[in-house]
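Following: one structure in structure tokens, then a few remarks.
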Amino acid sequence: MTASVLMCRPDHFGIEYEINPWMHVAVKVDHALAEAQWDALYRTYLDLGVEVELATPVAGLPDMVFTANAAVLWDDRAVLSNFHHPERQGEEVHWRQELERRGFDVHELPRALSFEGAGDALFVGDRLFCGYGFRTDRDSHRPVARILEVDFVSLELIDPRFYHLDTCFCPLDATNVLAAPDAFAPESLRVIRDLVPNLIEVPVEVAAGFACNAMPLGGHVLSSLTISQLEAPLKAAGYTPIPHAMGEFLKAGGGVRCLSLPLGDGERGKARDPDAQPAG
Ligand code: ARG
């Protein structure tokens, strides 16, 4: 159970460049609506007993709202992202500070390796499932896993709409995983089928509504509106979907999971300073 999540208010959120197929600078963000959508998610976390820590938004870094891309975390270790696109590289120094302030031991990869944090690296049990093909280099997976001292597998993403692993793959627990088969190369899909005890297959049009960009919390799965279409298989796995309107963030190619970086499950969190709070 996630006890603590890092979010960043959408104060400076906008579509100021195009680095994935969802982004069109001509399609403006409705800021009041974005704030309302972000706030509804924030409040749901609080209602579910999750502690939400807030990163300080920075002007000129419109995608900082997507905290999932800051780093991948395990215990007290963090592997900081090396963003693929220069447009997001300015975030790295801020994510380092945000994580160090919270007691993480922050590691970096060689600059030449692109790696986009929890957007492309998700745990199923103790094994790290890593995506590559668009934002993260396959060659980054081994050094990331070595730093965290975990096993890993590499999964090839083939549909540019699903440019981060967390847009098409969501571990609910060590047994149940949501995934959109169409987003993966055939060999990678075989790996998923081999390793995941219960794969809940998500039709591509449901995944295109960012249903897989989801956060499991206890018996709930928070996600965008299309998660409602997965009610039956989720129920069979013991979960209730909680849909959230995410339309303003979908314009940037992000949903619930992109807006949320789990910081620890309570047990792990205890190893860190429980009083460590963001300055802002
Ligand atoms: N506009 C952002 C980008 O393209 C969206 C990031 C979404 N984050 C995620 N974890 N999938 O980088």
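Do any residues in the range 24-43 that are free of Cβ contacts under 8 Å to residues at least 12 places away in the same chain have Cβ atoms under 9 Å from those of residues that are surrounded by 11 or more Cβ atoms within 10 Å (Cβ to Cβ) and hydrophobic (A, V, I, L, M, F, W, C), where the two are at least six apart or on different chains, and which pairs are they?
Val25/Ile15; Ala26/Ile15; Ala36/Ala245
Output the residues belonging to the range 103-122 that are more than 15 Å from the ligand (Cβ to nearest atom) and farther than 13 Å from Leu80 by Cβ.
Applying the first criterion (more than 15 Å from the ligand (Cβ to nearest atom)) to the range 103-122 yields 103-113.
Matches in the range 103-122: Gly103, Ala112.
Is it the case that Ala78 is open to solvent by less than 10 Å² (accessible area, probe 1.4 Å), more than 10 Å from the ligand (Cβ to nearest atom) and under 14 Å from the mean Cα position of the chain (by Cα)?
Criteria not met by Ala78.
Here is a list: Val65, Val72, Val29. Which entry is within 17 Å of the chain's Cα centre (by Cα), within 15 Å of the ligand (Cβ to nearest atom), in a loop (DSSP other than H, G, I, E, B) and not acidic (Asp, Glu)?
Working: Val72 fails: in a loop (DSSP other than H, G, I, E, B); Val29 fails: within 17 Å of the chain's Cα centre (by Cα).
Unique residue meeting the criteria: Val65.
Only one of (1) more than 16 Å from the ligand (Cβ to nearest atom); (2) open to solvent by less than 10 Å² (accessible area, probe 1.4 Å) is not met by Arg96, so which one is it?
(2)
Quick test of your reading of the structure: Ala183 fulfils all but one of (1) within 30 Å of Val27 (Cα to Cα); (2) open to solvent by 50 Å² or more (accessible area, probe 1.4 Å). Name the failing condition by number.
(2)
How many of the residues making up the range 40-62 are touching a His at 6+ places or on another chain (Cβ under 7 Å), of a type in the set (A, V, I, L, M), within 16 Å of the ligand (Cβ to nearest atom) and over 18 Å from Ser223 (Cα atoms)?
Here the count works out to 2.
Which fully enclosed strands (runs of 3 or more DSSP E) of the range 132-250 have 3 or more residues being in contact with a Cys (Cβ under 9 Å, 6 or more places away or on another chain)?
Details: elements: 151-156, 169-171, 176-179, 198-201, 215-217, 220-224, 240-244.
Qualifying strands (runs of 3 or more DSSP E): 151-156, 176-179.
Could you please find all residues in the range 38-62 being open to solvent by less than 20 Å² (accessible area, probe 1.4 Å) and part of a helix (DSSP H, G or I)? Can you show your working first?
Of all residues in the range 38-62, those open to solvent by less than 20 Å² (accessible area, probe 1.4 Å) come to 38, 41, 45, 50, 53, 55, 62.
The answer is Trp38, Leu41, Tyr45.
β-branched (Val, Ile, Thr) and under 30 Å from Leu195 (Cα atoms): does that describe Val58?
Details: β-branched (Val, Ile, Thr): yes; under 30 Å from Leu195 (Cα atoms): no.
In short, no.
How many residues does the range 140-167 contain that are open to solvent by 10 Å² or more (accessible area, probe 1.4 Å), within 16 Å of the ligand (Cβ to nearest atom) and in contact with a helix residue (DSSP H, G or I) (Cβ under 6 Å, 6 or more places away or on another chain)?
Residues meeting the conditions: 1.
So is Ala71 more than 21 Å from Tyr163 (Cβ to Cβ) and among the aliphatic types (A, V, I, L, M) or not? Outline the logic, then answer.
Numbers: more than 21 Å from Tyr163 (Cβ to Cβ): no; among the aliphatic types (A, V, I, L, M): yes.
Criteria not met by Ala71.
Can you work out which of the residues in the range 104-121 that are among the small types (Gly, Ala, Ser) and surrounded by 16 or more Cβ atoms within 10 Å (Cβ to Cβ) is nearest to Glu91 (Cα to Cα)?
Filtering the range 104-121 for residues among the small types (Gly, Ala, Ser) gives 112, 114, 117-119, 121.
Among the residues that remain, those that are also surrounded by 16 or more Cβ atoms within 10 Å (Cβ to Cβ) are: 114, 117-119, 121.
Values: Ser114: 14, Gly117: 12, Ala118: 15, Gly119: 15, Ala121: 18 Å.
Here the answer is Gly117.
The values are calculated or read from the model by the stated rules, or taken from the named source; none is laboratory data. Computed from a prediction, not measured in an experiment: that's the story for all the values here. Don't worry about glycine lacking a Cβ; one is built from the backbone with ideal geometry, like all the others, and counts go over all protein chains shown. Accessible surface areas use protein heavy atoms only, side chains included; no ligands, DNA or RNA. Shrake-Rupley method; radii C 1.70, N 1.55, O 1.52, S 1.80 Å.
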